[in-house]
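Scroll down for the structure; my scribbles are underneath it.
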Amino acid sequence: MGKMIYMDHAATTPVHPKVLEAMMPYFTEKYGNPSSVYSVAQEARKAVDEARDKTARALGCRPSEIIFTSGGTESDNAAVRGAALALRQGGDHIITSSVEHHAVLHTCQSLEKQGLEVTYLPVDRYGQVGVDELEGAITDRTSVISIMMANNEVGTIQPIAEIAEVVKSYRQKGRNLVFHSDAVQAAGALDLDVNKWGVDMLSLSAHKFYGPKGTGVLYLRRGTPFTPYQTGGSQERNRRAGTENVPNIVGLATALELAQTHRESASQHSRRLRDRLIEGILSRIERVQLNGHPTNRLPNNVNFVFEFVEGESILLNLDFAGIAASSGSACTSASLDPSHVLLAMGLPAEVAHGSVRFSLGTANTDDDVDYLLSILPGIVAKLRAMSPLTQTPTS
Amino acid sequence: MYSDKVMDHFFNPRNVGMIQEADGVGIAGNPVCGDLLKLFIKVKDDVIEDIKFQTLGCGAAIATSSMVTEMVKGKTLEEAKTVTNAAVAQALGGLPPVKMHCSNLAADAVHKAIEDYEGKRPGKKSRESLFKGEAAEAGVRGGREAPAYDEHLHHEIPEEED
Ligand SMILES: Cc1ncc(COP(=O)(O)O)c(C=O)c1O
Ligand code: FES
């Protein structure tokens, strides 16, 4: 295979060489269990402590408020379930949005089975939650509010700070409300200062910002009610039992530090490529529609619907041309359901069928965008010529 | 994920297009994921002389459409009626389990195109009523409702040719 142009950074990213370098010693030399007393273990302990300090600096919080987890999914599960179960005596109502990642949605559904009540807020056609609607959904029983910072499929950024203001006003009236935000897609693109956003819990996943897979962060503001979901040893201050994944934790902190340092320049880079790509597609291909918010979106997200064609068939053609992207088509999901995000935004299932997401990263170049723009119109035209929904006779 | 044979038929589909004065048209919709296949046949002396397809769907849907046209072209109607979804999938060197349902489109559309042709012959049901019935059926077959293309697309769908 020739050169591969990777445009699926919302799915995962390659590990940055500096991150890998930082991780390596903890596999083979400093392999001790951080809970042990001898020196090879103490080196590992020190590495985890340092990683925690670094992570806390990136989030503007205390090191003790950082819990290392096995990834975004675990952080989301832990946050929503941990707070909802801890608050169950006083409240049993969760508010979330209909465009959350399944890590949040399926956790909420499982809590519904345990007798909790969940409101799944609708979104507008850009995928945004209405702050007034959210406030209107708060009842005497509401305990947890979980709204993602930025959407993984369409890149739409949610009004987190405004929601935090609402939560704060209820708290001042004596209500015990916990506000969680899934910031898995926001890292590297948005500021992660938890006090600026006003969140009580925040989820991150290292593999979305050039760190290793299977490692994440749950930020847990001091004093937030929390029932640990994983019990055993006393690691992570009894909030998440299990021997620490030392190399990955080191990798996560290194990657997060790099992401924060280069956030402005990286965002600027992808924003420029993003806008070129959006413009290019709009001007070269007819009957397309940009999904997500036109401006209030992640700097690296491009998501289009190509009418009359199906996403997987576009992806296969792109892959053949050496480009990796993804789709919200039912045909590309293991469940054969179309993207719940696009449906929540009001797209009919058959339109969601033709959706393709390109998510850019630091390695992408203008040449990559040019190349994509040179082949994409041909791919869409070829598939449309084959489509029973297109008019043009082909023979 | 797909076999070489599937990829070959996907990238170089055989018999793509439509037949203006088709003797029979078959439409199959996929209730699982909402894909659509339209098949046109030209029949002479009970033999499928020509066949063309149009498909909106995944790699497996396009490849099975292409494959089935190769399998039945030049066959008698009776032979073509015996084509099964499994046979199409097998001819392609198999499909991933999650994609097995995609092969349903292909054989179904062939059978419907033949029914359409037979219905139009003197003494049989008129083509139009049959066609409409089948299109509707194609949309709601199975336990789950498939998108009815003509009704729900919020943009205008080009007119079907008659
Ligand atoms: C918004 C969002 N939340 C949660 C996750 C899950 O993260 P992980 O893959 O680390 O479990 C993802 C990634 O797929 C995501 O995009
Ligand atoms: S037809 Fe949709 S998955 Fe193949």
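The values are calculated or read from the model by the stated rules, or taken from the named source; none is laboratory data. Note that this is a predicted model, so its numbers are computed, not measured. Backbone-built Cβ (ideal geometry, glycine too); neighbour counts: all protein chains shown. Accessible surface areas use protein heavy atoms only, side chains included; no ligands, DNA or RNA. Shrake-Rupley method; radii C 1.70, N 1.55, O 1.52, S 1.80 Å.
Some observations on this one:
- Among A:22-28, A:317-323, the order from most to least packed when residues are scored by Cβ within 10 Å on average: A:317-323, A:22-28
- Of A:36, A:265, A:355, the residue with the greatest mean-square motion in the GNM of chain A, using alpha carbon springs below 10 Å, is A:36.
- Amide H contacts under 5 Å for residue A:156, placed H, 5+ residues apart: A:151, A:293, A:298
- By the Cβ distance rule of under 4.7 Å, the protein assembly as shown has these cysteines without a partner: A:61, A:108, B:33, B:102.
- In sequence order, the range A:47-54 has phi-based couplings of 4, 5, 4, 5, 4, 5, 4, 4 Hz under the Karplus curve 6.51 cos²θ - 1.76 cosθ + 1.60, θ = phi - 60°, and Gly or Pro positions carry x.
- Rolling a 1.4 angstrom probe over the protein assembly as shown with all protein chains present gives an accessible area of which 51% lies on carbon and sulfur atoms.
- Helix-only [θ]222 nm of the protein assembly as shown, DSSP H runs n ≥ 4, -39500 (n - 2.57) each, per residue, nearest 500: -12500 deg cm²/dmol
- Amide H contacts under 5 Å for residue B:16, placed H, 5+ residues apart: B:53
- Remark: the range A:93-102, residue by residue, has Karplus-estimated 3J(HN,Hα) of 10, 10, 10, 9, 10, 7, 10, 5, 5, 4 Hz, where x stands for each Gly or Pro and the curve is 6.51 cos²θ - 1.76 cosθ + 1.60 at θ = phi - 60°.
- Of the trypsin sites (Lys or Arg not before Pro) found in the range A:1-99, the ones in coil according to DSSP and having at most 10 other Cβ atoms within 10 Å of their Cβ are A:3.
- Relative packing of peptides B:78-84, A:368-374, A:195-201 - highest average C-beta neighbours within 10 Å first: A:195-201, A:368-374, B:78-84
- In percent, rounded to a whole number, the relative contact order of the range B:45-100 is 38, using alpha-carbon pairs under 8 Å and six or more apart.
- The Rg/Rh ratio for the range A:72-141, using Cα coordinates for both the radius of gyration and the Kirkwood hydrodynamic radius, is 0.97.
- Between the range A:329-395 and the range A:160-177, the Cα center-to-center distance that results, in Å: 40 Å
- Under 5 Å between amide hydrogens, built in the peptide plane, is the criterion, and for residue A:121 it picks out A:96, A:97, A:98 among residues at least 5 positions away or on other chains.
- Both chains summed, the buried accessible area for B and A stands near 2900 Å², from protein heavy atoms and a 1.4 Å probe.
- Computed over chain A: relative contact order in percent, which uses C-alpha pairs under 8 Å that are six or more apart: 21 percent
- Average partner coverage of B:12-19, which counts Cβ from other chains inside 10 Å: 3
- Pairs spanning more than 21 Å between alpha-carbon atoms, out of B:5/B:73; A:168/A:196; B:44/B:81; B:52/B:120; A:54/A:168: A:54/A:168.
- With a 10 Å cut-off around each Cβ of A:348-355, the average count of Cβ atoms from other chains is 5.
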